[in-house]
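Written below as structure tokens is the structure these notes are about.
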Amino acid sequence: MSPARRSPTRGKRAFAATWWGHAWVTALEDSSLDSGRLSRGRTYARQGMVGEVTVSPGIVTAPVQGSRPRPYRTSVRIPTLTDRQWDTLLQVIATRAGHTAALLDGEMPQDLVDDARSAGVPLLPLPTELDPHCSCPDWGYPCKHAAALCYAIAASIDADPFVLFALRGRTKERIFEELRRRRGRTTGAGPPAPQSTPPGLPAAAAYARWAADRPELPEPPALTATRTPALPPEPPRASGLTATGLRRLAADAAARAARLLAGDTTSLELTQHQDALRLAAAHRDAEWFHNIQTGTGIRPTELARLTRAWRNGGPAGVTAAEKPFTPDPATMAAARTALTRALQDVDDNKAQPRLRAWRNRLTLEGAGLQLRLGPDMRWHPYEREDTEWWPCAAADPDPVAALAAAWEKRQEPAGS
């Protein structure tokens, strides 16, 4: 089995690194006779025009930004497997332990696909099975927006072959539950052992259930002369933690628990990515930053940029840094008008810098300043440093105040 390799950044092969990812792209390209629309779709996917992708049994959907302000509703359908086909496929997987091991390791064994196909089960899509739909007026099949979605989903299939299983109708958890049941019947070992980590509720739902009938908290035990709180021992070397890092994590957990008891549940809504940035922003320490960078795999420069975005705007600041979007045109027009008037009030006799708008961003050309509208409807100021844009001041609902904050920050002496 050949290992997955990094894809090129250009051309047809830029969207898949594994053989099963290439099979998805090939099915798309073999289903179309219009190479021009496929080329435009690749460009759209490469430029990040595909929004959040949702995978459900038999369909993958996403908003795709086109030439109009509002994204198009785009989907690609693929037939789900029948119960009989699933029974056959699970039997193919169960007959060879290597199939299960490879899938757990994030690999799709080619002989598994071949065996399933020989048994009449098409796991990988055939060109005739992809059924694209889009709300745009383009009559192409697929149109460039649906093609962009197909190219974008190839990366998800690369990273997790169970995306293909989900499209065919069953989740990873259900597949392995049924495989355990089959193995128990085959070996006579009785029912499968319970999972070591039982499924639970999302943190926010679990807290809401507890808070609805919250018990009285017991009084803390009194400390005696012979009982002294002790710091945890030095963490094992293989853990990647230091004593300082462990103390910081313990203090952070205690502070979050106190906020939860006070009714603040905002931290429960954070993704793992956002929580890592929150921790990175909590301490200005090189070793702390390095450990988080190593653990997350985010490039150091990008981690530094996103950490600064968190300090200036929290989760919404991170979203503004990572994901451009197309807001209500009226909101952008009002902000542009307010900024133009404010710039004219500074000096009527001086030529005013030109404001350039792109999606949720307003750039003051020639001044090296930019405002980005975040999902919190606040304006997040940015300053150009060399060739990159960096967050430079706290976000503000007023675009004029946000631009003034960026300008004042620029006037501060270096290192202040």
If I model a spin label at Asp376 and Arg410 as a point 7 Å from the Cα along the Cα→Cβ vector, what separation in nanometres do I get? 2.4 nm
Using a 1.4 angstrom probe, figure out how much accessible area the range 278-416 has per residue, in square angstrom, rounded to the nearest whole. 54 Å²
What list of ³J(HN,Hα) couplings, whole Hz, do you get for the range 111-126 from phi and the Karplus terms 6.51, -1.76, 1.60, once you set θ to phi - 60° and write x for glycine and proline? 5, 5, 5, 5, 5, 5, 5, 5, 8, x, 10, x, 6, 6, x, 8
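Given a Förster radius of 56 Å and the C-beta distance between Asp252 and Ser35 as r, what FRET efficiency does 1/(1 + (r/R0)^6) yield to the nearest 0.05? Please list the in-between numbers first.
Details: r = 53 Å, r/R0 = 0.95.
The calculated FRET efficiency here is 0.60.
Determine the order of Phe325, Phe176 by accessible area, beginning with the largest, at a probe radius of 1.4 Å.
Numbers: Phe325 65, Phe176 25 Å².
Result of the area sort, largest leading: Phe325, Phe176.
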List the residues, sorted by chain then number, that are 5 or more residues from Cys392 or on another chain and whose placed amide H is less than 5 Å from its amide H. Tyr382, Glu383
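Between Glu365 and Asp345, what FRET efficiency comes out of the Förster formula 1/(1 + (r/R0)^6) with R0 = 22 Å and r the beta carbon distance, rounded to 0.05? Mind dumping the intermediate values first?
On the way: r = 19 Å, r/R0 = 0.87.
About 0.70, to the nearest 0.05.
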Along the range 388-394, what does the Karplus equation 6.51 cos²θ - 1.76 cosθ + 1.60 (θ = phi - 60°) give for ³J(HN,Hα), rounded to whole Hz, x for Gly and Pro? 10, 9, 10, x, 10, 7, 5
Cut-off 18 Å, label point 7 angstrom out along Cα-to-Cβ of Thr80: give me the residues of the range 144-168 whose amide nitrogen falls inside. 162-168
Spin-label model distance (nm) - Asp160 vs Arg174, 7 Å beyond Cα toward Cβ: 1.6 nm
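Estimate the FRET efficiency between Thr88 and Glu52 by the formula 1/(1 + (r/R0)^6), using the beta-carbon distance for r and 35 Å for R0, to the nearest 0.05. Could you put the intermediate results ahead of the total?
Working: r = 34 Å, r/R0 = 0.96.
With R0 = 35 Å, the Cβ-Cβ based efficiency is 0.55.
Between Ala338 and Arg70, what length comes free when the chain is fully extended (0.36 nm per residue of separation minus the Cα-Cα distance, one decimal in nm)?
Details: separation 268, 0.36 × 268 = 96.48 nm, distance 2.37 nm.
Working it through step by step, the gained length comes to 94.1 nm.
Pulled fully out, how much extra length does the chain show between Ala97 and Thr26, if you take 0.36 nm times their separation in residues and subtract their Cα-Cα distance? Mind dumping the intermediate values first?
Working: separation 71, 0.36 × 71 = 25.56 nm, distance 2.90 nm.
So the chain would gain 22.7 nm between Ala97 and Thr26.
The values are calculated or read from the model by the stated rules, or taken from the named source; none is laboratory data. None of these values were measured; they are calculated from a predicted model. With ideal geometry, Cβ positions are generated from the backbone for all residues, glycine too; neighbour counts draw on all protein chains shown. The area values use the complete protein model at the heavy-atom level, side chains included, leaving out ligands, DNA and RNA. Shrake-Rupley method; radii C 1.70, N 1.55, O 1.52, S 1.80 Å.
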